[in-house]
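The values are calculated or read from the model by the stated rules, or taken from the named source; none is laboratory data. On a predicted model such as this, the values are computed, not experimentally measured, just so you know. Cβ coordinates were reconstructed from backbone atoms using ideal geometry, including for glycine residues, and neighbour counts include every protein chain displayed. Side chains are part of the model used for accessible areas, which takes the heavy atoms of the whole protein and leaves out ligands, DNA and RNA. Shrake-Rupley method; radii C 1.70, N 1.55, O 1.52, S 1.80 Å.
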Amino acid sequence: SFIAKYDKGLIFQTEDGNYKMRFRIRGQFRATINDPEEGLVSTNFSVQRLRLQWDGNAFKPWFLYTLQLSPIDSNILRDLYFTAAYQKEIAPRVGQWKVPYNREELNSSGALQLVERSIVNDEFGLGRDRGVAVLGG
């Protein structure tokens with residue numbers, strides 16, 4: 001049997017809990033109007049961020065996946081990783097995701113207090129990388 005609902009994203013799942021997919025979309029847009037005292041008015045519209053994200057579990061409730069795409073960037077794939085969280089204390093992960101280096105980088109751009117990250121983050125942030133990790137908690 002199949003369940004569809006909305007809870008912080010559009011969710012599709014089976015009743016047995018073995019398959020679950022949540023789809024989320026987030027965009028950040030900028031519109032500017034330049035109205036000088038003399039001359040023509042100019043307007044501009046740009047898409048600063050556009051994120052499409054799918055996450056959930058497959059085959060078993062403990063086999064988790066995340067896929068995040070950014071169709072407006074030159075590198076469309078942002079995150080793709082799989083986590084085997086069979087035991088919460090030791091959960092291996094493989095794929096591509098944010099390098100856990102600094103807090104500002106780990107926070108989602110939607111959760112920032114200011115519109116953009118700091119200039120220092122551009123220099124010292126490690127961004128995303130492929131690899132293997134062992135998580136726990």
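Per-structure values
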| quantity | calculated |
| --- | --- |
| Flag if residue 108 is more than 17 Å from the chain's Cα centre (by Cα) and open to solvent by less than 60 Å² (accessible area, probe 1.4 Å) | no |
| Pair list, Cβ < 9 Å and 6+ apart or interchain, from region 113-137 residues that are basic (Lys, Arg) to residues that are open to solvent by 90 Å² or more (accessible area, probe 1.4 Å) and modelled with pLDDT of 75 or more | 128/75 |
| Strands (runs of 3 or more DSSP E) (entirely within region 2-81) containing at least 3 residues that are open to solvent by 60 Å² or more (accessible area, probe 1.4 Å) and not hydroxyl-bearing (Ser, Thr, Tyr) | 2-6, 20-34, 42-57 |
| Looking only at region 77-97, and only at residues there that are among the basic types (Lys, Arg) and in contact with a strand residue (DSSP E or B) (Cβ under 8 Å, 6 or more places away or on another chain), the one that is farthest from residue 131 (Cα to Cα) | 78 |
| Scope region 111-135; condition modelled with pLDDT of 70 or more, open to solvent by 60 Å² or more (accessible area, probe 1.4 Å) and among the small types (Gly, Ala, Ser); matching residues | none |
| Close pairs from region 19-40: first more than 26 Å from residue 71 (Cβ to Cβ), partner surrounded by 11 or more Cβ atoms within 10 Å (Cβ to Cβ), Cβ under 9 Å, at least 6 apart | none |
